[in-house]
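Colleague: Before I ask anything, let me first share the structure, which is written out below as structure tokens.
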Amino acid sequence: MTRIALITGATSGIGEQFARQLAASQICDELWMVGRNGGKLEVLKAELLPQRTAPVCADLCATDGMLLIESMLKEHKPVISLLINSAGLGFRDSVAGQSMEEISDTLNTNCNALTLMCRMCLPYMDGKSGIINIASSAGFIPQPGFAVYAASKSYVISFSRALAAELKERGIRVTCVCPGPVTTGFQYKATKGKTEGFTGIRAMTSKTPVEIAEISLKANSRGRRLISVGTSQKLLHLAAKILPHQWIINMIK
Ligand SMILES: NC(=O)c1ccc[n+]([C@@H]2O[C@H](COP(=O)([O-])OP(=O)(O)OC[C@H]3O[C@@H](n4cnc5c(N)ncnc54)[C@H](OP(=O)(O)O)[C@@H]3O)[C@@H](O)[C@H]2O)c1
């Protein structure tokens, strides 16, 4: 039986690093890499493991995209060793400043698609399988100016924790990863090209996608359910647990 790792958001940033690290490991026989950028998927396939890599060009916000992944699973009937939900986006703007489409894409990708991917993959998992859901430390507290994204990541945290408990009996490890700033193209897209990278404290505490992928894979293999990446994010997590959220909102506003 072919054991696969299925990665969403594999065309860039954290998801791409997962693909690179898994291609160099023995965790799975095949890598299924999901993204909308078909050209980038083909480049990665050629560079990584041409015989063991399946590019899946699919828009996770579109019914067709989800149906394509479902039909591939039904046809090949693999065992999914690892599902990594890394696809995600958000826009740094007020709710009123975002278009309906931007809000809809954020919620569809970050919440809807992630949930459906988990549901779709469960029948193909066994007691050695794992799920890694990439949330964000933004999900620890409400964030004015990034409200939709932060709320979507709160959903990912809540959903992943409950799913981990549901799947414990089956031996399936669910890890929710909460990074702070990571040096990928995310920030450029989130600010619609206004900012290339992070500044100030965010720049000082930022991590690389290589680090996030490494830490996440290790955490999942150890059965960790929730990880905040880096000291500053661990402190934020602690503050969100013990301080009134309104205080923190007033501080970051
Ligand atoms: N970078 C940070 O500072 C940071 C911090 C905390 C958490 N995160 C989270 O980390 C995850 C990865 O982000 P990143 O930093 O690696 O950003 P990124 O480089 O912008 O990657 C985002 C990925 O999501 C995919 N994607 C977006 N919409 C999609 C859709 N509708 N259908 C299929 N794929 C879609 C993109 O692929 P295509 O464009 O090819 O479709 C891309 O591969 C996200 O969930 C993000 O929220 C990031």
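Colleague: Quickly run through the range 126-160 and pick out the residues that are touching a Pro at 6+ places or on another chain (Cβ under 9 Å), surrounded by fewer than 23 Cβ atoms within 10 Å (Cβ to Cβ), closer than 13 Å to Cys178 by Cβ and of a type in the set (A, V, I, L, M).
Modeller: Ala150 - this is the single residue of the range 126-160 that is touching a Pro at 6+ places or on another chain (Cβ under 9 Å), surrounded by fewer than 23 Cβ atoms within 10 Å (Cβ to Cβ), closer than 13 Å to Cys178 by Cβ and of a type in the set (A, V, I, L, M).
Colleague: Would you check which residues across the range 35-78 are at pLDDT 95 or above, over 24 Å from Leu107 (Cβ atoms) and part of a loop (DSSP other than H, G, I, E, B) and list them?
Modeller: Lys77, Pro78
Colleague: Would you confirm whether or not the range 18-34 contains a residue that is within 12 Å of the chain's Cα centre (by Cα), more than 9 Å from the ligand (Cβ to nearest atom) and modelled with pLDDT of 95 or more?
Modeller: yes
Colleague: Return yes or no: is Tyr124 more than 8 Å from the ligand (Cβ to nearest atom) and either under 17 Å from Gly9 (Cα atoms) or touching a strand residue (DSSP E or B) at 6+ places or on another chain (Cβ under 6 Å) (or both)? Full working, then the answer.
Modeller: Details: more than 8 Å from the ligand (Cβ to nearest atom): yes; either under 17 Å from Gly9 (Cα atoms) or touching a strand residue (DSSP E or B) at 6+ places or on another chain (Cβ under 6 Å) (or both): yes.
Answer is yes for this residue.
Colleague: Continuing with this model, one more query. Given the condition among the hydroxyl-bearing types (Ser, Thr, Tyr) and more than 9 Å from the ligand (Cβ to nearest atom), answer yes or no: does some residue in the range 2-9 qualify?
Modeller: Narrowing the range 2-9 to residues among the hydroxyl-bearing types (Ser, Thr, Tyr): 2, 8.
Okay, now just the ones that are also more than 9 Å from the ligand (Cβ to nearest atom), so 2.
For the range 2-9, residues among the hydroxyl-bearing types (Ser, Thr, Tyr) and more than 9 Å from the ligand (Cβ to nearest atom): present.
Colleague: So Asn112 ticks every box in (1) surrounded by 18 or more Cβ atoms within 10 Å (Cβ to Cβ); (2) under 24 Å from Leu163 (Cα atoms); (3) within 12 Å of the ligand (Cβ to nearest atom) but one. Which box is left unticked?
Modeller: Failed condition: (1).
Colleague: Could you tell me whether the range 218-234 includes any residue that is out of contact with any strand residue (DSSP E or B) (no Cβ under 7 Å at 6 or more places or on another chain), closer than 30 Å to Gly97 by Cα and buried (at least 17 other Cβ atoms within 10 Å of the Cβ)? Step through it out loud before you land on a result.
Modeller: Step one: filter the range 218-234 for residues out of contact with any strand residue (DSSP E or B) (no Cβ under 7 Å at 6 or more places or on another chain), giving 218, 221-222, 231-232.
Within this subset, residues satisfying the condition of being closer than 30 Å to Gly97 by Cα are 232.
Next, from what is left, pick out any that are buried (at least 17 other Cβ atoms within 10 Å of the Cβ): 232.
Checked the range 218-234: at least one residue is out of contact with any strand residue (DSSP E or B) (no Cβ under 7 Å at 6 or more places or on another chain), closer than 30 Å to Gly97 by Cα and buried (at least 17 other Cβ atoms within 10 Å of the Cβ).
Colleague: Let me ask you something else. Can you tell which of Glu42, Glu47 is touching a Pro at 6+ places or on another chain (Cβ under 7 Å) and without any contact (Cβ under 8 Å) to a residue 60 or more places away in the chain? Before the answer, list the steps.
Modeller: Details: Glu47 fails: touching a Pro at 6+ places or on another chain (Cβ under 7 Å).
It is Glu42.
Colleague: Identify the residue in the range 203-253 that is assigned to a loop (DSSP other than H, G, I, E, B), at pLDDT below 95 and of a type outside the set (A, V, I, L, M, F, W, C) and, among all such residues, is farthest from the chain's Cα centre (by Cα). If you could, list the steps in order and put the result at the bottom.
Modeller: In the first step, residues of the range 203-253 are kept if they are assigned to a loop (DSSP other than H, G, I, E, B); the result is 206, 208, 222-225, 229-230, 243-244, 253.
This time we only want the ones that are at pLDDT below 95, so: 206, 229-230, 243-244, 253.
Next, only the ones that are of a type outside the set (A, V, I, L, M, F, W, C) stay: 206, 230, 244, 253.
Details: Ser206: 17, Gly230: 17, Pro244: 28, Lys253: 26 Å.
Residue satisfying both the conditions and the ranking: Pro244.
The values are calculated or read from the model by the stated rules, or taken from the named source; none is laboratory data. All of these numbers come straight from a predicted model, not from anything done at the bench. Here the Cβ is made from the backbone with ideal geometry for all residues, glycine too, and neighbour counts use every protein chain on show.
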